[in-house]
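Asks: Before I ask anything, here is the structure I am working with.
The values are calculated or read from the model by the stated rules, or taken from the named source; none is laboratory data. If you're wondering where the values come from, they're calculated on a predicted model, not measured in any experiment. Quick reminder, even Gly has a Cβ in these numbers, built from the backbone with ideal geometry, and neighbours come from all protein chains shown.
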Amino acid sequence: ETGVTQTPRHLVMGMTNKKSLKCEQHLGHNAMYWYKQSAKKPLELMFVYNFKEQTENNSVPSRFSPECPNSSHLFLHLHTLQPEDSALYLCASSQEGLAGSKARETQYFGPGTRLLVL
Amino acid sequence: AQSVTQPDIHITVSEGASLELRCNYSYGATPYLFWYVQSPGQGLQLLLKYFSGDTLVQGIKGFEAEFKRSQSSFNLRKPSVHWSDAAEYFCAVGMDTGRRALTFGSGTRLQVQP
């Protein structure tokens with residue numbers, strides 16, 4: 001499945017580093033998402049973008065800064081992270097308008113970036 | 001607030017055996033219900049979804065799920081499991097509030113024995 005790609009696949013960073021995660025979708029969708037998947041915890045929605053505008057922010061700390069320059073690309077800028085931020089970060093996309101309701105849209109996921117904060 | 005419970009953290013079945021993964025939700029109205037599968041090193045892939053109508057829905061890879069309103073359940077089933085079905089399975093719930101956010105369960109890890 002190459003519809004949604006994420007780079008890098010693995011990232012190790014110190015707490016004082018600044019890094020960015022990249023997501024690209026090749027499906028022509030207009031909504032993009034960042035999720036955090038921690039061990040033994042449910043998937044947590046972080047941000048949603050629709051047509052490049054942020055529409056949902058799930059009370060995410062400011063050390064996570066999303067950027068959506070266009071409908072195909074989504075970034076997550078990371079700075080001064082904590083060890084508890086270590087997780088798998090998943091990007092997803094969906095297409096508005098086909099399902100009749102935003103909550104009905106099928107989300108297509110990328111493989112994720114495995115992040116370790118030391 | 002809505003919630004999703006997957007009571008079984010880990011299930012092991014023999015190849016060829018039948019499978020049922022449980023999912024219970026808490027929500028006042030009829031939710032939109034999804035099952036996703038995550039293979040090791042991969043993102044989540046949609047198996048099937050239920051919005052309304054026939055309460056038995058068919059999905060990909062031979063999976064099906066049945067919506068039971070009286071039990072607030074949406075259990076996933078497969079009559080004969082293949083070794084390639086070993087993965088983690090997530091139930092998710094959405095509701096018609098104008099938001100896209102889904103609430104995911106904690107997942108059930110399926111192991112398949114030869």
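Asks: For B:Val37, all conditions in the list (1) surrounded by 15 or more Cβ atoms within 10 Å (Cβ to Cβ); (2) closer than 23 Å to A:Leu88 by Cα; (3) touching a residue at least 60 places away in the same chain (Cβ under 8 Å) hold save one; what is the number of the exception?
Replies: (3)
Asks: Something else now. Taking the conditions exactly as written (within 21 Å of B:Ala101 (Cβ to Cβ) and at pLDDT below 95), does A:Ser65 satisfy them or not?
Replies: No, not satisfied.
Asks: Continuing with this model, one more query. Does B:Thr108 meet the test of being farther than 21 Å from B:Ser14 by Cβ and in contact with a Phe, Trp or Tyr (Cβ under 6 Å, 6 or more places away or on another chain)?
Replies: no
Asks: Moving on to the next point. Return the total of residues in region A:46-75 being on the phi > 0 side of the Ramachandran plot and either touching a residue at least 60 places away in the same chain (Cβ under 8 Å) or not hydroxyl-bearing (Ser, Thr, Tyr) (or both).
Replies: Matching residues across region A:46-75 total 2.
Asks: To continue, here is another question. Looking at region B:87-114, which of its residues are within 14 Å of the chain's Cα centre (by Cα) and of a type in the set (A, V, I, L, M, F, W, C)?
Replies: Scanning region B:87-114 gives B:Ala87, B:Phe90, B:Cys91, B:Ala92, B:Val93, B:Leu102, B:Phe104, B:Leu110.
Asks: May I pose another question? Can you find, within region B:84-95, the residue that is farthest from B:Asn24 (Cα to Cα) among those that are modelled with pLDDT of 95 or more and of a type outside the set (Gly, Ala, Ser)?
Replies: Per the criteria, the residue is B:Asp85.
Asks: Could you tell me which residue of region B:63-105 is nearest to the other protein chains (Cβ to nearest Cβ), considering only residues that are of a type in the set (Ser, Thr, Tyr) and crowded, with 17+ Cβ neighbours inside 10 Å?
Replies: Filtering region B:63-105 down to residues of a type in the set (Ser, Thr, Tyr) leaves B:70, B:72-73, B:80, B:84, B:89, B:97, B:103.
Applying the additional criterion that residues be crowded, with 17+ Cβ neighbours inside 10 Å yields B:73, B:89, B:103.
On the way: B:Ser73: 18, B:Tyr89: 12, B:Thr103: 8 Å.
Checked region B:63-105; the qualifying residue nearest to the other protein chains (Cβ to nearest Cβ) is B:Thr103.
Asks: Restricting attention to region A:88-118, and to residues there that are surrounded by 15 or more Cβ atoms within 10 Å (Cβ to Cβ) and more than 14 Å from every other protein chain (Cβ to nearest Cβ), which single residue is nearest to B:Gln42 (Cα to Cα)?
Replies: A:Leu115
Asks: Among the residues of region B:28-42, what is the count of those that are farther than 16 Å from B:Ser84 by Cα and facing chain A (nearest Cβ under 10 Å)?
Replies: Of the residues in that region, 3 qualify.
Asks: Next question, about the same structure. Given the criterion acidic (Asp, Glu) and in contact with a helix residue (DSSP H, G or I) (Cβ under 8 Å, 6 or more places away or on another chain), identify the matching residue among B:Glu88, B:Glu15.
Replies: Only one candidate qualifies: B:Glu15.
Asks: For A:Leu81, state whether it is in contact (Cβ under 8 Å) with a residue 24 or more places away in the chain, buried (at least 19 other Cβ atoms within 10 Å of the Cβ) and over 24 Å from B:Ser39 (Cα atoms).
Replies: yes
Asks: Search region B:41-63 for residues that are more than 13 Å from B:Cys91 (Cα to Cα) and pair each with any residue that is in a loop (DSSP other than H, G, I, E, B) and modelled with pLDDT of 90 or more when their beta-carbon atoms are under 7 Å apart and the residues are at least 6 apart or on different chains.
Replies: B:Gly41/A:Pro111; B:Gln42/A:Pro111; B:Gly43/A:Gly110; B:Gly43/A:Pro111; B:Gly43/A:Gly112
Asks: For A:Glu84, work out the one condition from (1) more than 13 Å from every other protein chain (Cβ to nearest Cβ); (2) of a type in the set (Asp, Glu); (3) part of a loop (DSSP other than H, G, I, E, B) it doesn't fulfil.
Replies: Only one criterion in (1) more than 13 Å from every other protein chain (Cβ to nearest Cβ); (2) of a type in the set (Asp, Glu); (3) part of a loop (DSSP other than H, G, I, E, B) is unmet by A:Glu84, namely (3).
Asks: Same structure again: Quick check on this structure: which one of A:Ser71, A:Ser62 is exposed (fewer than 12 other Cβ atoms within 10 Å of the Cβ) and among the hydroxyl-bearing types (Ser, Thr, Tyr)?
Replies: A:Ser62
Asks: Within region B:68-83, how many residues are assigned to a strand (DSSP E or B) and closer than 22 Å to B:Arg109 by Cα?
Replies: 6
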